[in-house]
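J.: Attaching a single structure in structure tokens format; questions to follow.
The values are calculated or read from the model by the stated rules, or taken from the named source; none is laboratory data. Predicted model, so just to flag it, every value in this text is computed and none were measured. Every residue, glycine among them, receives a Cβ derived from its backbone with ideal geometry; neighbour counts consider all protein chains shown. Note: areas computed on protein heavy atoms with side chains; ligands, DNA, RNA excluded. Shrake-Rupley method; radii C 1.70, N 1.55, O 1.52, S 1.80 Å.
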Amino acid sequence: MKLRDIADYVTDKISSDAIDLECYVTTDSLLQSKAGRETASNLPPQTCTLTFFRKGDVLISNIRPYLKKIWMADIEGGCNADVLVLRAKDGHTPEFLYALLLQDVFYEYAMKGAKGSKMPRGDKDQIMRYEIPTLPSSEDSIGKFIVSINDKIATNREINRNLEAMARQLYDYWFVQFDFPDENGKPYKSSGGKMVWNEKLKREIPEGWTDVRLDSLTSIFTGKKDVAKVKPGSYKFFSCAPDPIPSNEYIIDGDAILVSGNGSYTGRVMFYSGKADLYQRTYGCIVSDKVGNIMPFLYFTMKTLFEPYHSGGKHGSSIPYIVLNDLAGFRFPYHPRLVKDFISMISSTFYRFVNKENDETELLMIKRDKLLPLLMNGQVSVMPTEVNCDLSHD
């Protein structure tokens, strides 16, 4: 049996004028590594015809299949032509179709038929010839099991988003609005705390505070190779795209803030902990030993103060970019004691929402991807709900 026996490509159309931004899907809004999708940045600039997808349809990016961009729609909307929309035929479930296309082996197969070097596109006819194994378990049980894992992953991501939002809000109160607790526990600036003009920052800051440059607290460097020269391996290679690809080398080993140096994601800030390689236009910032572990503070400083003003680049016209001096010379308000207090308040949750490598979400994704082929070939099966698995003794 082949993929075409259980699914069809959706060819229904809808005008871009008939949908809002929340219902518009592009290859960029589909997230790498099977992470679902985010809201697109904008609607098409001119009215055009889109593929009309419905709830339960499976959307995959047909550009660079190795990025593994897939989403099972929970709404209806429209997508551009580089997003393939598949719909389960009668007698087959959307959940199973999604589980089938979630396998790594499917993307390996799609890449074998892809055409183009820099921007390979999958062959739609070849994709439909993808072989489906004879299943020992029902489609329905496999599909529902995989979707239940994805629901747990989605819940964890939402918890992490909320934790990060609360920490960012606290940072904003203390280091942007300057309403940190004064000696009486009241908001400093709102309670009349003295503010003084800082010429370098061109703004008022609390009395007793200073300004610092990023390069006074960190060492800043850039990567050494182009994407085309990366050889697959067990480490991660961060380019200017949102998600990494595998690499066989690393130049980072530990906590680092990464900043995209050019392209559409210029100025984007993220955190990574572990061994990783970097693109030649991606910057790494590692905290200097002399200042201790202030990484949580620096992360929020970069996300709050640096990223908004450098997104889109400071230099270039056709291809925006930033240079090392944009990072090195970045200045911000600083108070050592309050930085220490801030870190002590958020450190217990910081690594949960920024370090995906050690998070339960990442572990669930790894388990899901390892279980999928085993479910498909019958080495494991989904236990029926009516079976009593309680092995405890009375």
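J.: Given the criterion of a type in the set (Val, Ile, Thr) and within 24 Å of Arg352 (Cβ to Cβ), identify the matching residue among Ile205, Ile257, Ile251, Ile245. Spell out the reasoning first.
T.: On the way: Ile205 fails: within 24 Å of Arg352 (Cβ to Cβ); Ile251 fails: within 24 Å of Arg352 (Cβ to Cβ); Ile245 fails: within 24 Å of Arg352 (Cβ to Cβ).
Result: Ile257 is the single residue among Ile205, Ile257, Ile251, Ile245 that is of a type in the set (Val, Ile, Thr) and within 24 Å of Arg352 (Cβ to Cβ).
J.: Inside segment 39-56, can you point out the residues that are under 19 Å from Leu86 (Cα atoms), open to solvent by 50 Å² or more (accessible area, probe 1.4 Å) and in a loop (DSSP other than H, G, I, E, B)? Even if it seems obvious, please write down each step before you answer.
T.: First, the residues of segment 39-56 that are under 19 Å from Leu86 (Cα atoms): 49-56.
Going one step further and asking which of them are open to solvent by 50 Å² or more (accessible area, probe 1.4 Å), we end up with 49, 54-55.
Residues satisfying the conditions are Arg54, Lys55.
J.: Next up: Is it the case, given these coordinates, that Thr27 is surrounded by fewer than 17 Cβ atoms within 10 Å (Cβ to Cβ) and at pLDDT below 95? Write out each step before concluding.
T.: Details: surrounded by fewer than 17 Cβ atoms within 10 Å (Cβ to Cβ): no; at pLDDT below 95: yes.
No, not satisfied.
J.: Where in segment 95-182 are there helices (runs of 4 or more DSSP H), lying wholly inside it, with at least 2 residues that are small (Gly, Ala, Ser)? Lay out the reasoning, then the answer.
T.: Working: elements: 104-112, 124-128, 139-175.
The helices (runs of 4 or more DSSP H) meeting that bar are 139-175.
J.: Please pick out the residue among Tyr235, Tyr188, Tyr171 that is surrounded by 18 or more Cβ atoms within 10 Å (Cβ to Cβ), modelled with pLDDT under 90 and not basic (Lys, Arg). Reasoning before the result, please.
T.: Numbers: Tyr188 fails: modelled with pLDDT under 90; Tyr171 fails: modelled with pLDDT under 90.
One residue alone meets the criteria, Tyr235.
J.: Count, please, the residues in segment 1-38 that happen to be assigned to a helix (DSSP H, G or I) and of a type in the set (Ser, Thr, Tyr).
T.: Adding up the residues that qualify gives 1.
J.: Can you go through Ser117, Ser61 and tell me which one is surrounded by 21 or more Cβ atoms within 10 Å (Cβ to Cβ) and among the polar types (S, T, N, Q)? Walk me through it before giving the result.
T.: Working: Ser117 fails: surrounded by 21 or more Cβ atoms within 10 Å (Cβ to Cβ).
Answer to the selection: Ser61.
J.: Quick one: which of Glu108, Glu158, Glu183 is acidic (Asp, Glu), within 30 Å of Val230 (Cα to Cα) and open to solvent by 50 Å² or more (accessible area, probe 1.4 Å)?
T.: Numbers: Glu158 fails: within 30 Å of Val230 (Cα to Cα); Glu183 fails: within 30 Å of Val230 (Cα to Cα).
On inspection, the qualifying residue turns out to be Glu108.
J.: Restricting to segment 335-358, and then to whatever is in contact with a strand residue (DSSP E or B) (Cβ under 6 Å, 6 or more places away or on another chain) and open to solvent by less than 40 Å² (accessible area, probe 1.4 Å), can you tell me which residue is modelled with the lowest pLDDT?
T.: Of the residues in segment 335-358, the ones in contact with a strand residue (DSSP E or B) (Cβ under 6 Å, 6 or more places away or on another chain) are 354-355, 357.
Next cut, open to solvent by less than 40 Å² (accessible area, probe 1.4 Å) only: 354-355.
Numbers: Val354: 72, Asn355: 63.
Looking at the filtered set, the residue picked out is Asn355.
J.: Filter segment 198-241 for residues that are out of contact with any Phe, Trp or Tyr (no Cβ under 7 Å at 6 or more places or on another chain), among the acidic types (Asp, Glu) and closer than 22 Å to Arg337 by Cα and give the result.
T.: Glu207, Asp215
J.: I would also like to ask the following. Just checking, which of Ser264, Ser273 is open to solvent by 10 Å² or more (accessible area, probe 1.4 Å) and either closer than 19 Å to Leu327 by Cα or in a helix (DSSP H, G or I) (or both)?
T.: On the way: Ser273 fails: either closer than 19 Å to Leu327 by Cα or in a helix (DSSP H, G or I) (or both).
Result of the check over Ser264, Ser273: Ser264.
J.: Just checking, does segment 128-151 include any residue being among the charged types (D, E, K, R) and at pLDDT 95 or above?
T.: Within segment 128-151, the subset among the charged types (D, E, K, R) is 129, 131, 139-140, 144, 151.
Checking which are at pLDDT 95 or above leaves us with 129.
Within segment 128-151, one or more residues are among the charged types (D, E, K, R) and at pLDDT 95 or above.
J.: Being among the β-branched types (Val, Ile, Thr) and either modelled with pLDDT under 80 or in a loop (DSSP other than H, G, I, E, B) (or both) narrows it down to one residue among Thr301, Thr361; which is it? Explain how you work it out, then say what you get.
T.: On the way: Thr301 fails: either modelled with pLDDT under 80 or in a loop (DSSP other than H, G, I, E, B) (or both).
Unique residue meeting the criteria: Thr361.
J.: Right, something else. Would you pick out the residues in segment 67-82 that are among the aliphatic types (A, V, I, L, M), in a loop (DSSP other than H, G, I, E, B) and open to solvent by 30 Å² or more (accessible area, probe 1.4 Å)?
T.: Residues of segment 67-82 that are among the aliphatic types (A, V, I, L, M), as a first pass: 67, 70, 72-73, 75, 81.
Next, from what is left, pick out any that are in a loop (DSSP other than H, G, I, E, B): 73, 75, 81.
Those that are among the aliphatic types (A, V, I, L, M), in a loop (DSSP other than H, G, I, E, B) and open to solvent by 30 Å² or more (accessible area, probe 1.4 Å): Ile75, Ala81.
J.: Kindly evaluate Glu164 against the criterion of being in contact with a Gly (Cβ under 7 Å, 6 or more places away or on another chain) and touching a residue at least 24 places away in the same chain (Cβ under 8 Å). It would help to see each step written out before you state the result.
T.: Values: in contact with a Gly (Cβ under 7 Å, 6 or more places away or on another chain): no; touching a residue at least 24 places away in the same chain (Cβ under 8 Å): yes.
Considered against the rule, which asks whether it is in contact with a Gly (Cβ under 7 Å, 6 or more places away or on another chain) and touching a residue at least 24 places away in the same chain (Cβ under 8 Å), Glu164 comes out as no.
J.: Can we say Ile286 is open to solvent by 30 Å² or more (accessible area, probe 1.4 Å), in contact with a strand residue (DSSP E or B) (Cβ under 8 Å, 6 or more places away or on another chain), more than 21 Å from Ser219 (Cβ to Cβ) and not acidic (Asp, Glu)? Can you show your working first?
T.: Working: open to solvent by 30 Å² or more (accessible area, probe 1.4 Å): yes; in contact with a strand residue (DSSP E or B) (Cβ under 8 Å, 6 or more places away or on another chain): yes; more than 21 Å from Ser219 (Cβ to Cβ): no; not acidic (Asp, Glu): yes.
Spelling it out, it is not the case that Ile286 is open to solvent by 30 Å² or more (accessible area, probe 1.4 Å), in contact with a strand residue (DSSP E or B) (Cβ under 8 Å, 6 or more places away or on another chain), more than 21 Å from Ser219 (Cβ to Cβ) and not acidic (Asp, Glu).
J.: Something else now. Filtering segment 295-334 down to residues that are of a type outside the set (Gly, Ala, Ser) and touching a Gly at 6+ places or on another chain (Cβ under 7 Å), which residue is least open to solvent (accessible area, probe 1.4 Å)?
T.: Step one: list which residues in segment 295-334 are of a type outside the set (Gly, Ala, Ser), which gives 295-310, 314-315, 319-327, 330-334.
Subset that is touching a Gly at 6+ places or on another chain (Cβ under 7 Å): 307, 310, 319-322.
Numbers: Glu307: 33, His310: 20, Ile319: 102, Pro320: 30, Tyr321: 90, Ile322: 5 Å².
Here the residue is Ile322.
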